[in-house]
């Protein structure tokens, strides 16, 4: 099998936070009625998690599910397993009104690590990033500067951002600027 | 700046996360309609100073279309509701009647 080529070859940046383009993130998009019991149990079987509620995430180790809209979820797993799991889920949902696609190569994923990550994100997205409003366990689909993105926090100091692969370089650029050492506002860490 | 609650994902979405979709509750007149009906459907729009019903799309978010009732003068957002309807919900109309007595928008008052 050919090698997986990341959009930016695993670029990284150190500043207010550490930014790294993640390799090995498998992503499968699911569209369908997320309250349908057939769909819920099929996702549980193949991805090991119960579909999350509105704007929530569900994780079990490397596998997980993100709420994307009332009829869309993004399912996560290791990259090498994405294709097979998508096929498996698709087979289980045969006959249901649902769509399953492996989008691992259509997206880029960045990981932010550091106590300043709320500030780095808040500079780019029209989202209330205060610790009271946005917590680990939530996912937010929004825009970052001029491109669509979704992000969630794995813990207080780690966040992951998903965007289209075609705008990966732009995303890395704006994140790096936002995380520039000289640009600290210290809004959330005061 | 507008903050509009998306009825589908429940976030108070900022204006730049949304896209305006024009007037709400238009009734389509198709090929066999009269010229007057078709002209009205295609061109005639309300342009009120006050209460207005609009379509919006949470384009940088859940991607769903929804309806909003808004004041074009003060930019107050009275409420949002599902796109799968041909008229505003009753509780929203009650709110509007209380807040803006005597408002009129097409055949809604």
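Since every read-out is calculated from the coordinates, none of them should be taken as a lab result. Quick caveat: nothing in here was measured; it's all calculated off a predicted structure. Cβ placement follows ideal geometry from the backbone for every residue including glycine, while neighbour counts extend to all protein chains displayed.
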Quiz item: Looking at the stretch A:134-165, which of the residues that are more than 10 Å from chain B (Cβ to nearest Cβ) and in a loop (DSSP other than H, G, I, E, B) is nearest to residue A:22 (Cα to Cα)?
Solution: A:157
Quiz item: Restricting attention to the stretch A:58-76, and to residues there that are away from chain B (no Cβ under 14 Å) and in a strand (DSSP E or B), which single residue is surrounded by the fewest Cβ atoms within 10 Å (Cβ to Cβ)?
Solution: A:60
Practice problem: Tell me, please, whether a residue that is part of a loop (DSSP other than H, G, I, E, B) and either under 22 Å from residue B:14 (Cβ atoms) or within 14 Å of chain A (Cβ to nearest Cβ) (or both) can be found in the stretch B:39-59. | Solution: yes
Quiz item: Quick check: is even one residue across the stretch A:112-130 within 21 Å of residue A:6 (Cα to Cα) and within 18 Å of the chain's Cα centre (by Cα)?
Solution: yes
Quiz prompt | Selection within the stretch B:2-36 - away from chain A (no Cβ under 13 Å) and part of a helix (DSSP H, G or I) | solution = B:35, B:36
Quiz item: So, in the stretch A:77-109, of the ones that are over 16 Å from residue A:149 (Cα atoms) and part of a strand (DSSP E or B), which residue ends up farthest from the other protein chains (Cβ to nearest Cβ)?
Solution: A:78
Quiz item: Has the stretch B:66-89 got any residue that is within 14 Å of another protein chain (Cβ to nearest Cβ), touching a strand residue (DSSP E or B) at 6+ places or on another chain (Cβ under 9 Å), buried (at least 18 other Cβ atoms within 10 Å of the Cβ) and closer than 30 Å to residue A:30 by Cβ?
Solution: yes
